[in-house]
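Comments concern the structure below.
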Amino acid sequence: MKDQAREWLCPARSVAVLTGAGISAESGIPTFRGAGGLWREYRAEDLATPQAFARDPKLVWEWYDWRRGVIAQAQPNAAHRALVQLERRAPEFTLITQNVDGLHDRAGSARVLKIHGDIWILRCSRCGREHQDCRASIPDLPPRCACGGIERPGVVWFGEALPPDVWSCAEHAASRADVFLVIGTSAVVYPAARLVDIAKVRGAKVIEINIAETAASAIADISLRGAAAEILPELLA
Ligand code: BV8
Ligand code: ZN
């Protein structure tokens, strides 16, 4: 299976990749739906919504502040680094990530389509001003903008539209891909998961890398079972 994946990947003119929380698992960042995915007794779907933020901005910020603290301690792993290598090899390469942790950028990926936003960006709920704030811990929660408005994390919550320009680039890349890698995602969140179908329908070879079966396994041409930080470097060796 890995040999077949290598045979498809090496000569591929256009490669697109979709990553999820699983690629950051080996950096020590809990996934959403795995064992460590809970925070206190909440699920992501409970807190990552505009309603939860409107109801209790401080609670939602405590969750994000905790995650920012965990991510600040984390380092990119061999899987992130392997994708940097792949980006330099493939004539056409697009990395699409559902992750908001910024580890692909820190690993050296040049062009990252962050379809669910960026945890290190703050956006004012009142005036819309955005700025990067990389403090591992924000002293007073919720943070306030100079205009007095409450600032929110610059991420896409459930029920919110994905950034239209970023999303159309992701769709375009999936539709052009000769090989589409799906790495570390349960493929349950939409419209992100639809990128796999788009790639498949347009003729891409779909290669999944995951420690478990997922909603994408059925349409993948190859499903490589194992940790991304082990399998990806082997594919590029
Ligand atoms: C939208 C950013 C419409 C925030 C995230 C009912 C009601 C309301 C909405 C819906 C509904 N039904 C469907 C929807 C749509 C909804 C949705 O899909 N819900 C799901 C839960 C069913 N989607 C939305 O709401 C989207 N917006 O539809 O808008 C619209 C249109 C126009 C105008 C207005 C509105 C927005 C979705 C984005 C939500 N934001 N994140 C934040 O991070 O705080 S989603 C969140 O889930 C993260 O981005 C995460 O990446 C993503 C997906 O999860 P995964 O990455 O896959 O992580 P997970 O834990 O699930 O899986 C980890 C995988 O890794 C596992 O498979 C595991 O086996 C594997 N793994 C673990 N270790 C390893 C590994 N693999 C390899 N190696 C390892 N070592
Ligand atoms: Zn403001």
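The values are calculated or read from the model by the stated rules, or taken from the named source; none is laboratory data. What you are looking at is a predicted structure, and each value in this text was computed from that prediction instead of being measured. Backbone-built Cβ (ideal geometry, glycine too); neighbour counts: all protein chains shown. Side chains are part of the model used for accessible areas, which takes the heavy atoms of the whole protein and leaves out ligands, DNA and RNA. Shrake-Rupley method; radii C 1.70, N 1.55, O 1.52, S 1.80 Å.
Observations, loosely collected:
- Any chance S186 is in a loop (DSSP other than H, G, I, E, B), among the polar types (S, T, N, Q), open to solvent by 10 Å² or more (accessible area, probe 1.4 Å) and more than 21 Å from T49 (Cα to Cα): no
- Complete set of residues in the range 1-59 that are of a type in the set (F, W, Y) and modelled with pLDDT under 95: F32, W39, Y42
- When the residues of the range 82-112 are filtered to those that are in contact (Cβ under 8 Å) with a residue 40 or more places away in the chain and hydroxyl-bearing (S, T, Y), the one that is farthest from ligand 2 (Cβ to nearest atom) is T94.
- Of all residues in the range 49-72 being under 13 Å from G159 (Cα atoms) and out of contact with any Asp or Glu (no Cβ under 9 Å at 6 or more places or on another chain), the one that is least open to solvent (accessible area, probe 1.4 Å): F53
- Which numbered condition Q85 fails, given (1) assigned by TED's automatic domain parsing to the domain that holds A16; (2) crowded, with 18+ Cβ neighbours inside 10 Å: (2)
- Residue that is nearest to A227 (Cα to Cα) [pool: residues in the range 197-214 that are within 15 Å of ligand 1 (Cβ to nearest atom) and of a type outside the set (V, I, T)]: N210
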